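Q: Dropping a structure here in C-alpha cells format, bear with me for questions.
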Amino acid sequence: MNQLFYNQFGVAELKFIFLCGDVSREMVCNILAREIAGQNLKAIVFSNGPLKYPMEGQILVDIDAELFLDELKTAEANTIYLCSAIENDLLLPPSEKLLNTILQMEIPGARFLIQSQGPVEESLLKRMTKEQHAAACMITSLNFSNLEEKLERFLSAFKSEHLFSDDLIEHWQNIIKPYCVRQFTTKNENGLKTILFINQVKSLIDENTMMGLFRNLRHLYHKIYLGNINDFKIKEI
C-alpha cells in the first residue's frame, strides 16, 4: 500500500495527530488512517464537531473506556471511530469524560487522529504531558482554491514601503485564525510538531506561486508541503 503521506509527514512515532483547517483536513485524516492501518496499527479517529459517516472502519458509539480497550483487542478493523451518537449520518463528538480517560491511557499500537472543526481547544492539548507533546503533531490542511483569492488580494494590496514578509505573516495568521489556535499551529515552546499542507495544487504555475509565497512562512512551521492528495503528490517547500 502507498505510504506517501505517512512517510512524508513523519507520523510513524506520533501518538497524537491533530488536524485542523478547511474540509481538506477530512481527506488528510482519511488517507493517514488508511496508511496507519496499513502498518498494522490502530487509527483511532474522533472530532470536536460532527463527522461525516465513514465509508470504512468500525464505529464505537457512547462506549466507556474499559469496553473501548476490550473492543480494540478484538476489533477486525484497524480504523476505529469514536462518537457519542449518530444523527443524520453524522458522528457526534465523544464525551469529554471518555476523552479525558482515553487520551491518558497507554495503548500500544494506537494512533489518535483528532479532527478539529474550528479553533482547537487549548485544554485538550494542555491535558497531555510534555512527554506526550513530543509524540504529537498538528497538521493544518487547506485547499489551494480557498487560499488563491485571499493571497491574490494580499499581493495586489501590498504597499512597497512595507516589509513583505512581515505583512504576509500577519495576513496569513488572519487567514488561519478561524481554523486553529495560533500558538498550536506554529512553532512553539511546547514541542508540538507543526505541519502545513496546501492541498489540490494542480498546475505548475500555481505551485511556483505558492512556493514563492510560503518560503516566507517556513519559520512558522516545522514542515510545509504542497500537493494534491487525490493524485498522491506532495512536495516540501
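Q: Would you point out which residue out of T194, T186 is under 25 Å from G49 (Cβ atoms), at pLDDT below 85 and either in contact with a helix residue (DSSP H, G or I) (Cβ under 8 Å, 6 or more places away or on another chain) or in a strand (DSSP E or B) (or both)?
A: Within the list T194, T186, the selection yields T186.
Q: With the requirement that a residue be part of a loop (DSSP other than H, G, I, E, B) and open to solvent by less than 60 Å² (accessible area, probe 1.4 Å), what does the stretch 66-107 give you?
A: A75, A77, N78, S84, P93, P94, S95, L103, M105, I107 - these are the residues of the stretch 66-107 that are part of a loop (DSSP other than H, G, I, E, B) and open to solvent by less than 60 Å² (accessible area, probe 1.4 Å).
Q: Among the candidates V28, V11, V61, V23, which residue alone is closer than 25 Å to L226 by Cα, aliphatic (A, V, I, L, M) and exposed (fewer than 14 other Cβ atoms within 10 Å of the Cβ)?
A: V23
Q: In the stretch 11-30, which residues are of a type outside the set (S, T, Y), farther than 26 Å from K73 by Cβ and either more than 11 Å from the chain's Cα centre (by Cα) or not in a strand (DSSP E or B) (or both)?
A: D22, V23, R25, E26, M27, V28
Q: What tally of residues in the stretch 31-48 results from selecting those that are open to solvent by 10 Å² or more (accessible area, probe 1.4 Å) and more than 14 Å from the chain's Cα centre (by Cα)?
A: 7
Q: In addition: Starting from residues that are free of Cβ contacts under 8 Å to residues at least 60 places away in the same chain and polar (S, T, N, Q), keep the ones in the stretch 198-229 and report whichever is nearest to V28 (Cα to Cα).
A: N228
Q: Give all pairs with beta carbons closer than 9 Å in which a residue from the stretch 131-146 that is more than 16 Å from L14 (Cβ to Cβ) and open to solvent by 10 Å² or more (accessible area, probe 1.4 Å) meets a residue that is modelled with pLDDT under 85 and assigned to a loop (DSSP other than H, G, I, E, B); count only pairs at least 6 apart in sequence or on separate chains.
A: The qualifying pairs are F144/K202.
Q: Can you pull out every residue in the stretch 74-96 that is among the charged types (D, E, K, R) and modelled with pLDDT of 85 or more?
A: Within the stretch 74-96, E87, D89 qualify.
Q: Just to be sure I understand the filter: pairs with C-beta atoms under 8 Å, separated by 6 or more residues or on different chains, first member in the stretch 32-53 and in a loop (DSSP other than H, G, I, E, B), second member modelled with pLDDT of 90 or more and of a type in the set (K, R). Which pairs pass?
A: L41/R111
The values are calculated or read from the model by the stated rules, or taken from the named source; none is laboratory data. Because the structure is predicted, anything quoted here is derived from the model rather than measured. Virtual Cβ from ideal backbone geometry, glycine too; neighbours counted across all protein chains shown. Only protein heavy atoms, including side chains, enter the accessible area calculation; ligands, DNA and RNA are left aside. Shrake-Rupley method; radii C 1.70, N 1.55, O 1.52, S 1.80 Å.
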